[in-house]
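Notes for the one structure printed next.
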Amino acid sequence: MSGKVDFGGDRELSSNPEVTKLRQIFSQVPASADGWEKSWEKGVTPWDLGQPTPVVLHLLETGTLPKGRILVPGCGTGYDVVAMASPDRHVLGLDISSTAVKKANEWSSSLPNANYFNFLAADFFTWQPMELFDMVFEYTFFPAIDPCMRPSWAKKMADILKPDGELITLIYLIDNRESGPPFSNSLADYEEVLKPMGFTALSIQDNDLAVGPRRGKEKLGRWKRCSNNSSL
């Protein structure tokens, strides 16, 4: 999910009215997919910055963002998708909410680089791409899913990346949350599920460009999927 209100730091989550509304929505629906659809319908999207993620712009400006076929799962309104898209980068934004995808298409379809990105409403865990990806960029998606789904998240990442493809995770650290979304997560949680799938951390760095209450709570993780660990 990539815009109006910030998740805030872990101490602020319980008192953040938008996060409270989000959890109320999820308590009233039978399935997670219904929760995300309802949250978009009601405009309860506390993860959405309303602009491209600053670190994405930094990676683009410094020439350190991979080129090729790119996936952004949980793309929301698609600011990061559009920011990355160029003749060198064909970007697919995926979201389980058809409302989110509709909003993404509405604001972006007439942009000059519209030929280089697409949006698709689908469940990340059951969707099967026609082609593999050179890179996946993930932000606010990992803490949005139930922790029991994290091994499946890592398996899917391995399945959809090309040999030697790169996974970039902007890790938003949340502590001491017994329920969600968003759920508690740590760097160790990523390592626990990614390493068995053949991913090696190229670098883990503090994200100095994190916004608002997220400052000091984000790390940029770059992971390489080794070719001899392909699960395809």
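Within the range 124-145, restricting attention to residues that are surrounded by 12 or more Cβ atoms within 10 Å (Cβ to Cβ) and of a type in the set (Asp, Glu), the residue that is modelled with the lowest pLDDT is GLU138.
Would you point out the residue of the range 162-217, among those that are assigned to a loop (DSSP other than H, G, I, E, B) and buried (at least 21 other Cβ atoms within 10 Å of the Cβ), that is farthest from the chain's Cα centre (by Cα)? Top of the filtered list is ASN207. Residues in the range 102-147 that are part of a helix (DSSP H, G or I) and either over 14 Å from the mean Cα position of the chain (by Cα) or of a type in the set (D, E, K, R) (or both): LYS102, LYS103, ALA104, ASN105, GLU106, TRP107, SER108, ALA114, ASN115, TYR116, PRO147.
Restricting to the range 52-81, count the residues that are closer than 21 Å to TRP127 by Cβ and either not hydroxyl-bearing (Ser, Thr, Tyr) or not in a loop (DSSP other than H, G, I, E, B) (or both). Number satisfying all stated conditions: 12. Test GLY35 against the stated conditions and say whether it is in contact with a helix residue (DSSP H, G or I) (Cβ under 9 Å, 6 or more places away or on another chain), of a type outside the set (Phe, Trp, Tyr) and either at pLDDT 95 or above or assigned to a loop (DSSP other than H, G, I, E, B) (or both). Taking the combined requirement at face value, the residue does not satisfy it.
Would you check if there is a residue in the range 148-165 being under 20 Å from PRO54 (Cβ atoms) and in contact with a Leu (Cβ under 9 Å, 6 or more places away or on another chain)?
So in the range 148-165, the residues under 20 Å from PRO54 (Cβ atoms) come out as none.
Scanning the range 148-165, I find no residue that is under 20 Å from PRO54 (Cβ atoms) and in contact with a Leu (Cβ under 9 Å, 6 or more places away or on another chain), so the answer is no.
Is there a residue in the range 171-180 that is among the basic types (Lys, Arg), over 20 Å from VAL55 (Cα atoms) and modelled with pLDDT under 90?
Within the range 171-180, the first condition is being among the basic types (Lys, Arg), and the residues that meet it are 177.
Filter once more, so that each one left must be over 20 Å from VAL55 (Cα atoms): 177.
Add one more test, that the residue is modelled with pLDDT under 90, and what stays is 177.
Taking every residue of the range 171-180 in turn, at least one turns out to be among the basic types (Lys, Arg), over 20 Å from VAL55 (Cα atoms) and modelled with pLDDT under 90.
A count restricted to the range 78-108 and to residues that are under 19 Å from VAL56 (Cα atoms), among the acidic types (Asp, Glu) and surrounded by fewer than 23 Cβ atoms within 10 Å (Cβ to Cβ) stands at 1.
Would you point out the residue of the range 189-232, among those that are of a type in the set (Asp, Glu) and over 23 Å from CYS148 (Cα atoms), that is modelled with the highest pLDDT? Looking at residues that are of a type in the set (Asp, Glu) and over 23 Å from CYS148 (Cα atoms), I get ASP206. Tallying residues that are more than 25 Å from TRP40 (Cα to Cα) and either of a type in the set (Asp, Glu) or touching a helix residue (DSSP H, G or I) at 6+ places or on another chain (Cβ under 6 Å) (or both) within the range 87-131 yields 3.
The values are calculated or read from the model by the stated rules, or taken from the named source; none is laboratory data. Because the structure is predicted, anything quoted here is derived from the model rather than measured. In this analysis, Cβ positions are derived from the backbone assuming ideal geometry, glycine residues included, and neighbour counts consider all displayed protein chains.
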